[in-house]
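Below: the structure, in structure tokens.
The values are calculated or read from the model by the stated rules, or taken from the named source; none is laboratory data. Worth saying up front: this structure is predicted, and the values here are computed from it rather than measured. Heads up, the Cβs are rebuilt from the backbone with ideal geometry, glycines too, and the neighbour counts pull from every protein chain shown.
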Amino acid sequence: MISDKLAVVDSESFTRQVKQGDLQNRSVAVKRILSCHTFNDEAFNREITFLISVKHKNIVRLLGYCANTENKAMKHSESGEPWKYVFAEMRERLLCFEYIKNGSLDRYLTDELRGLEWHTRYQIIRGICDGLVYLHTEKGIVHRDMKPENILLDDLMIPKITDFGISKLLDGATHAVTSDPTGSRGYCAPEFIARGEVSTRSDIYSLGVIITELVTGCKDEPHIQNVLRRWRYRWNESANYPPFGYQQVSKCIEIALKCLSDSPKKRPKISDIVSMLNTMESTKEHITNVGNSPAGQVCSSHALEFSFTA
């Protein structure tokens, strides 16, 4: 059984609908793709089989698919000519994914002073990085459209990356280059916008924007001292100092700034980012006196600063 559609995406070449359904007593998300352009069936089936093999706790599972092709009468007009009906081959693909209940990350992005607690934000950042390192290093997949709308959250607020490989299925482009930017511009790397170049490093740029938004609530390049002060203010108000909170905030901002380099070669690999997080998490030094840490010294020597834009 399939319910009302959750979302619809339209373009000149295809229409994509997302609906919730039930399959063998489990909830699933069904993406219905209609296209009047020619699918390369062999390439499509090969890519689908590959995507079904992608299995990771931070990746939305593709469970299966079905395909249908039929001829339909459609209105068509060439330049200066009246509308007329022509027969077009309509190709339908139904992609069945696991259903993730809590929706997408963009619904939960707020500034430091409200919204998700820091431990939840850090869990999300860590999970996104773990999922992306799996895609890049174990599967050789470039996502091409990393943004909060393509990161879903389950009942435990564990992030799951979705929509990887979808644009490649639609246009048959290689992982290396695309002439049709499918991502939201606020998350696209400069080389993607300027020249349509896509690589693992363009995913890393998008990751930097996402981390920045998770820590601060906005896409602007963060000023680490102000960010730390605002988190300290929130923790003081709630009397809830998370273990290693300052270290984690500082490290996440440091990573985000490296990811946002205009030069792809200067951005870290996702494996390097995960190593940085692992190193930080493995330390046995528990911070009990915030004033003795560099972050604590920054926070204690300056008043809380707020900035507002009209």
Query raised in the report: Quick check, is F39 surrounded by 15 or more Cβ atoms within 10 Å (Cβ to Cβ), modelled with pLDDT under 75 and touching a Lys or Arg at 6+ places or on another chain (Cβ under 9 Å)?
Result: yes
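Would you pick out the residues in the stretch 133-146 that are under 23 Å from T212 (Cβ atoms), surrounded by 21 or more Cβ atoms within 10 Å (Cβ to Cβ) and not acidic (D, E)?
So in the stretch 133-146, the residues under 23 Å from T212 (Cβ atoms) come out as 133-136, 142-146.
When the remaining residues are screened for being surrounded by 21 or more Cβ atoms within 10 Å (Cβ to Cβ), the result is 135, 142-146.
Hits for the stretch 133-146 are L135, V142, H143, R144, M146.
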Query - Checking V9 against (1) among the hydrophobic types (A, V, I, L, M, F, W, C); (2) modelled with pLDDT of 90 or more; (3) loosely packed, with under 15 Cβ neighbours inside 10 Å, the condition it does not meet - result: (2)
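Listed here are the residues, each with its yes/no results for (1) closer than 28 Å to V274 by Cα; (2) within 27 Å of the chain's Cα centre (by Cα).
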{"residue": "V28", "(1), (2)": "no, yes"}
{"residue": "I33", "(1), (2)": "no, yes"}
{"residue": "A43", "(1), (2)": "no, yes"}
{"residue": "K57", "(1), (2)": "yes, yes"}
{"residue": "K75", "(1), (2)": "no, no"}
{"residue": "E81", "(1), (2)": "no, no"}
{"residue": "F87", "(1), (2)": "no, no"}
{"residue": "F97", "(1), (2)": "yes, yes"}
**Report entry** Cβ pairs under 6 Å, 6+ apart, first in the stretch 237-257 and more than 15 Å from Q123 (Cα to Cα), second among the hydroxyl-bearing types (S, T, Y) and in a helix (DSSP H, G or I)
**Finding:** A256/T212
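Please verify whether S275 is under 30 Å from the mean Cα position of the chain (by Cα), modelled with pLDDT of 95 or more, assigned by TED's automatic domain parsing to the domain that holds D111 and not in a helix (DSSP H, G or I), treating the condition exactly as stated.
For S275, the condition - under 30 Å from the mean Cα position of the chain (by Cα), modelled with pLDDT of 95 or more, assigned by TED's automatic domain parsing to the domain that holds D111 and not in a helix (DSSP H, G or I) - is not met.
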Query raised in the report: Do we find a residue being modelled with pLDDT under 75 and outside the structural domain of V28 (by TED's automatic domain parsing) anywhere in the stretch 153-163?
Result: no
Requested in this report: For the stretch 92-109, name all the residues that are under 30 Å from V227 (Cα atoms), in a loop (DSSP other than H, G, I, E, B) and touching an Asp or Glu at 6+ places or on another chain (Cβ under 8 Å).
Outcome: N102, L109
Report summary line: Of the conditions (1) more than 30 Å from K269 (Cβ to Cβ); (2) in the same structural domain as Y246 (by TED's automatic domain parsing); (3) among the hydrophobic types (A, V, I, L, M, F, W, C), the single one that A73 does not satisfy is (2)
Query raised in the report: For E117, which of the numbered conditions (1) over 26 Å from the mean Cα position of the chain (by Cα); (2) assigned by TED's automatic domain parsing to the domain that holds D154 fails to hold?
Result: (1)
Query raised in the report: Is one or more of the residues making up the stretch 120-131 surrounded by 16 or more Cβ atoms within 10 Å (Cβ to Cβ) and in contact with a Ser or Thr (Cβ under 6 Å, 6 or more places away or on another chain)?
Result: no
**Report entry** Output for the stretch 139-165, where each listed residue is without any contact (Cβ under 8 Å) to a residue 60 or more places away in the chain and not in a loop (DSSP other than H, G, I, E, B)
**Finding:** E149, N150, I151, L153
Query raised in the report: What number goes with the only condition from (1) out of contact with any Phe, Trp or Tyr (no Cβ under 7 Å at 6 or more places or on another chain); (2) assigned to a loop (DSSP other than H, G, I, E, B) that E112 does not pass?
Result: (1)
Query raised in the report: Among helices (runs of 4 or more DSSP H) lying entirely in the stretch 166-217, which contain 1 or more residues that are acidic (D, E) and at pLDDT 60 or above?
Result: 190-195, 200-216
